[in-house]
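The values are calculated or read from the model by the stated rules, or taken from the named source; none is laboratory data. Being a predicted model, the structure only gives us computed values, none of them experimental. All Cβ positions, even for glycine, are placed from backbone atoms using ideal geometry, and neighbour counts span all protein chains on display.
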Amino acid sequence: MTSASLGVFADMRLELEVIEPGVPGSGVYDLEQPDYLLMNNPCEQIALYPFPESDYRPAYAVGLDEWVRREGYRWVDGELRRDPAGAAVGPDDYMPRRVMGEYLNWFYRTLVASAPASVRIRHHRSTATDVSACADGRERVQLASGVTLTVDHVIVTSGHTANRAPARTVPGVWELDPYPVDEYVNTLPAGASVAVAGLGLVAIDVVTALTFGRGGRFVETDGRLRYVPSGREPSAIYMYSRGGMPFTGKSVTGLDRTDVYKPAIATPDAFAALKLTADGKQRQVRVREELLPLLFAEMATRYYAQVAYHKSGLAAARVVRAQLIAAWSDGRYPEARAELAARYGRFDAAEVFFGPSLQFDTADQYELAVRGLLEDDLAAAEVPDGHSPVKCAAEVLRIFRDPVRGMVEDGGLDLESFREFNNGIRGRINRLIAGPPALRTRQFLALMDAGLLRIPFGPAPAVVPSAGPAADGGYGARISSTTLAEPFTADVDCVIRGHLEMPRLADTASPLLRRLQERGRVTELRYGETAVGSVNLTSDSHPVSANGESQERLWLFGVLTEGVRHFTYYVPSPHSRIRAVDEIGESVNRILDEISAAPAGAALAGA
């Protein structure tokens with residue numbers, strides 16, 4: 001939808017039935033969660049209004065950064081409060097998710113209040129449990145409250161739907177879910193030993209909750225943080241993951257360059273050529289052999305141009321960039337890159353992406369290597385204005401997120417590549433571009449200095465129940481290295497999952513999605529006979545039924561579509577991560593076109 005099309009509402013009658021059991025707009029950004037749970041994007045890069053360049057400026061055309069200042073929020077002892085005596089919020093600050101929830105709810109309320117008189121919006125504080133087709137072509141929506149709505153179109157915004165049976169690390173082990181954090185912050189005994197299964201964003205939240213959330217403090221001394229315990233912490237926190245690589249942090253400052261960066265190697269023509277055979281027919285792309293080398297070449301080009309810029313200025317950076325572009329065209333790229341490596345130092349994009357070898361003899365060696373990776377990443381993240389060559393190279397993966405989508409979605413990969421992308425490559429992309437604030441890295445290093453946080457097992461340790469009984473009818477866990485020459489084993493009282501499961505249609509806990517699946521109106525995406533978890537959609541976001549038909553009056557968005565779509569769970573921004581807004585806008589435009597041709601108007605339900 002464009003800003004110009006908003007005036008269409010004034011000439012039609014439209015009824016919107018909003019079905020939301022919680023606070024409208026806030027979704028997973030619970031207004032009651034603690035302030036130490038932070039966003040992983042700076043506030044300047046978050047805005048719900050999708051037309052920042054338009055002359056049309058409604059009351060809700062306000063980004064998070066501006067809204068926070070309008071609301072009088074300021075920093076007071078590390079917490080965000082409406083207090084004029086506090087420190088000002090900066091554009092590179094990371095907001096508590098609780099405040100993001102407030103902003104989303106404000107945006108919803110302001111948007112509703114701005115609606116034309118011809119648009120009636122009703123909020124039903126309930127859940128949709130079923131959608132069935134009527135004989136006249138309309139849709140009947142059943143609510144848990146007992147209310148039944150008959151509408152012309154239904155937009156299902158599935159969000160982070162839960163699965164019925166979360167996969168446990170090991171049957172019998174006392175294992176806790178990561179959210180809500182109060183479940184273990186308030187109940188886990190002080191002095192208990194804990195393992196966190198993960199090394200990403202969710203695991204960071206868990207560790208923060210077990211330390212800062214239980215009264216611990218971080219104090220800066222000589223440029224480093226020192227952890228001051230409260231006495232309520234666990235006796236030890238062990239972390240581990242299948243890949244064994246720690247997270248990478250966001251640059252402390254830097255602009256979103258998605259809409260200004262000009263590709264050198266990974267041009268639109270290069271991406272398009274990957275999808276075509278020699279005779280111009282469409283083909284499936286092999287991720288590891290074809291897509292990744294293109295991205296790695298772009299990463300290396302940006303790295304060496306940035307190093308040249310640091311050493312000799314903009315003109316030198318342009319020369320390096322032009323040299324590599326010419327070398328790529330002439331088939332001499334490896335030789336040209338080797339020459340630059342001799343001049344500026346070695347850079348291996350594949351190593352940055354997949355990580356260095358983590359084969360070590362002892363737990364101490366592995367833990368020292370992990371610490372070194374965290375320290376190196378922190379140093380890169382703290383280069384002013386996001387100018388670190390390594391961070392600039394990694395940013396390529398974010399800038400080219402949409403072209404990558406064009407490669408991997410809608411059957412663009414063969415089954416083997418699809419599985420590899422979803423089970424490994426997608427996570428490695430997220431590790432490099434969707435990390436936490438650099439502050440978290442400093443805090444993790446302080447916790448390691450304090451001896452409270454350990455990461456000793458190496459990649460993919462084995463987890464089995466320990467001999468001693470624990471709480472919740474389960475047992476503790478024994479965690480053992482599998483890749484270290486000198487084995488390392490530790491027993492813990494409980495395991496906290498430091499990761500979230502992707503929603504699966506076949507195992508969904510949503511009554512609505514289960515009923516739609518039972519009716520055959522939504523189905524799983526398949527590669528031949530192989531179901532791959534995601535809901536199956538047409539290119540314009542309609543579910544595909546069991547008989548292969550598009551459900552033209554149903555539209556489905558959200559994380560459940562991850563698979564047929566990709567990177568579906570990013571917060572919108574005016575410059576990037578805006579795809580969800582674009583796709584929903586396209587669906588609304590189609591509905592408006594239909595309504596404009598029907599003088600009686602129409603009803604629309606959003607579940």
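Let's see how each residue does on (1) touching a Pro at 6+ places or on another chain (Cβ under 8 Å); (2) crowded, with 17+ Cβ neighbours inside 10 Å; (3) at pLDDT below 95:
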residue: T187; (1), (2), (3): no, no, yes
residue: I204; (1), (2), (3): yes, yes, no
residue: V207; (1), (2), (3): no, yes, no
residue: L210; (1), (2), (3): yes, yes, no
residue: G213; (1), (2), (3): yes, yes, no
residue: D222; (1), (2), (3): no, no, yes
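Considering only the stretch 1-10, state which residues are modelled with pLDDT of 50 or more and either within 22 Å of L512 (Cα to Cα) or surrounded by 13 or more Cβ atoms within 10 Å (Cβ to Cβ) (or both). It would help to see each step written out before you state the result.
Kept after step one, since they are modelled with pLDDT of 50 or more, are these residues of the stretch 1-10: 7-10.
The answer is V8, F9.
Regarding the stretch 532-549, can at least one residue be identified that is modelled with pLDDT of 90 or more, part of a loop (DSSP other than H, G, I, E, B) and in contact with a His (Cβ under 6 Å, 6 or more places away or on another chain)?
no
Go through (1) assigned to a loop (DSSP other than H, G, I, E, B); (2) within 25 Å of A509 (Cα to Cα); (3) not β-branched (V, I, T) for L188 and report which single condition fails.
(2)
Let me spell it out: the conditions are (1) touching a strand residue (DSSP E or B) at 6+ places or on another chain (Cβ under 7 Å); (2) assigned by TED's automatic domain parsing to the domain that holds L516, and A195 meets all of them except one. Which number is the exception?
The one condition A195 does not meet is (2).
Would you check which residues across the stretch 204-234 are outside any helix (DSSP H, G or I), of a type outside the set (K, R) and touching a residue at least 60 places away in the same chain (Cβ under 8 Å) and list them?
F218, L225, Y227, P229, E233, P234
What number goes with the only condition from (1) modelled with pLDDT under 90; (2) out of contact with any Ser or Thr (no Cβ under 8 Å at 6 or more places or on another chain) that R13 does not pass?
Checking R13 against (1) modelled with pLDDT under 90; (2) out of contact with any Ser or Thr (no Cβ under 8 Å at 6 or more places or on another chain), the one that fails is (2).
Which pairs have Cβ atoms under 9 Å, sit 6 or more apart or on different chains, and link a residue in the stretch 448-468 that is more than 17 Å from F488 (Cα to Cα) to one that is modelled with pLDDT under 95 and part of a loop (DSSP other than H, G, I, E, B)?
Every condition considered, the pairs that remain are G468/D493.
Anything in the stretch 373-397 that is surrounded by fewer than 21 Cβ atoms within 10 Å (Cβ to Cβ) and either closer than 16 Å to G427 by Cα or in contact with a His (Cβ under 8 Å, 6 or more places away or on another chain) (or both)? List them, or say none.
The answer is H387, and nothing else.
For the stretch 257-285, which positions are touching a residue at least 60 places away in the same chain (Cβ under 8 Å) and of a type in the set (S, T, N, Q)?
T258, Q284, listed by residue number.
Could you list, in sequence order, all residues of the stretch 240-273 that are assigned to a loop (DSSP other than H, G, I, E, B), more than 29 Å from E44 (Cα to Cα) and either modelled with pLDDT of 95 or more or of a type in the set (G, A, S) (or both)?
Listed by number, the residues that qualify are S241, G243, G244, I265.
Could you figure out which of (1) in contact (Cβ under 8 Å) with a residue 60 or more places away in the chain; (2) under 30 Å from Q443 (Cβ atoms) isn't true of V89?
(1)
List the pairs whose first member sits in the stretch 8-22 and is within 12 Å of A117 (Cβ to Cβ) and assigned by TED's automatic domain parsing to the domain that holds H153, whose second member is of a type in the set (S, T, N, Q) and modelled with pLDDT of 85 or more, and whose Cβ atoms are under 7 Å apart, counting only residues at least 6 apart or on separate chains?
From residues that are within 12 Å of A117 (Cβ to Cβ) and assigned by TED's automatic domain parsing to the domain that holds H153, the pairs are F9/S118; A10/S118; M12/S118; R13/S118; L14/S118.
Do the conditions hold for R81, that is, is it under 29 Å from G215 (Cα atoms) and surrounded by 15 or more Cβ atoms within 10 Å (Cβ to Cβ)?
On the way: under 29 Å from G215 (Cα atoms): yes; surrounded by 15 or more Cβ atoms within 10 Å (Cβ to Cβ): no.
It is false that R81 is under 29 Å from G215 (Cα atoms) and surrounded by 15 or more Cβ atoms within 10 Å (Cβ to Cβ).
All but one of (1) at pLDDT 95 or above; (2) surrounded by 13 or more Cβ atoms within 10 Å (Cβ to Cβ); (3) farther than 21 Å from Y569 by Cβ hold for N105; which doesn't?
Result: N105 fails condition (3) only.
If we keep just the residues of the stretch 485-512 that are surrounded by 22 or more Cβ atoms within 10 Å (Cβ to Cβ) and hydrophobic (A, V, I, L, M, F, W, C), which is farthest from the chain's Cα centre (by Cα)?
The residue in question is V492.
Hey, among I265, I237, which residue is surrounded by 15 or more Cβ atoms within 10 Å (Cβ to Cβ) and within 29 Å of L201 (Cα to Cα)?
Exactly one of I265, I237 is surrounded by 15 or more Cβ atoms within 10 Å (Cβ to Cβ) and within 29 Å of L201 (Cα to Cα), namely I237.
If only one of A490, A446 is outside any loop (DSSP other than H, G, I, E, B) and under 30 Å from D222 (Cβ atoms), which one is it?
Only one candidate qualifies: A446.
So, in the stretch 274-292, how many residues would count as being loosely packed, with under 11 Cβ neighbours inside 10 Å and at pLDDT 90 or above?
Matching residues across the stretch 274-292 total 1.
Is at least one residue of the stretch 59-71 out of contact with any helix residue (DSSP H, G or I) (no Cβ under 8 Å at 6 or more places or on another chain), at pLDDT below 90 and surrounded by fewer than 17 Cβ atoms within 10 Å (Cβ to Cβ)?
No, the stretch 59-71 contains no residue that is out of contact with any helix residue (DSSP H, G or I) (no Cβ under 8 Å at 6 or more places or on another chain), at pLDDT below 90 and surrounded by fewer than 17 Cβ atoms within 10 Å (Cβ to Cβ).
Hey, any hits in the stretch 431-442 for a residue that's in a helix (DSSP H, G or I), closer than 21 Å to H499 by Cβ, modelled with pLDDT of 95 or more and not hydroxyl-bearing (S, T, Y)?
Yes: the stretch 431-442 contains one or more residues that are in a helix (DSSP H, G or I), closer than 21 Å to H499 by Cβ, modelled with pLDDT of 95 or more and not hydroxyl-bearing (S, T, Y).
If you scan the stretch 69-87, which residues turn out to be part of a loop (DSSP other than H, G, I, E, B) and more than 28 Å from the chain's Cα centre (by Cα)?
G72, D77, D83, P84, A85, G86
Inspect all residues belonging to the stretch 110-120 and state whether any of them is part of a loop (DSSP other than H, G, I, E, B), touching a Pro at 6+ places or on another chain (Cβ under 9 Å), of a type in the set (S, T, Y) and in contact (Cβ under 8 Å) with a residue 40 or more places away in the chain.
Looking through the stretch 110-120, at least one residue is part of a loop (DSSP other than H, G, I, E, B), touching a Pro at 6+ places or on another chain (Cβ under 9 Å), of a type in the set (S, T, Y) and in contact (Cβ under 8 Å) with a residue 40 or more places away in the chain.
Confirm whether A342 is at pLDDT 95 or above, within 25 Å of F418 (Cα to Cα) and either touching a helix residue (DSSP H, G or I) at 6+ places or on another chain (Cβ under 9 Å) or surrounded by fewer than 19 Cβ atoms within 10 Å (Cβ to Cβ) (or both).
So A342 does not fit the description; no.
How many residues are over 23 Å from F444 (Cα atoms) and more than 18 Å from the chain's Cα centre (by Cα) if we restrict to the stretch 386-405?
4
Residues that are in contact with a Cys (Cβ under 7 Å, 6 or more places away or on another chain) and not in a helix (DSSP H, G or I): does the stretch 449-470 have at least one? Talk me through it step by step, then tell me what you get.
Residues of the stretch 449-470 that are in contact with a Cys (Cβ under 7 Å, 6 or more places away or on another chain), as a first pass: 470.
Of the ones still in play, those that are also not in a helix (DSSP H, G or I) are 470.
Looking through the stretch 449-470, at least one residue is in contact with a Cys (Cβ under 7 Å, 6 or more places away or on another chain) and not in a helix (DSSP H, G or I).
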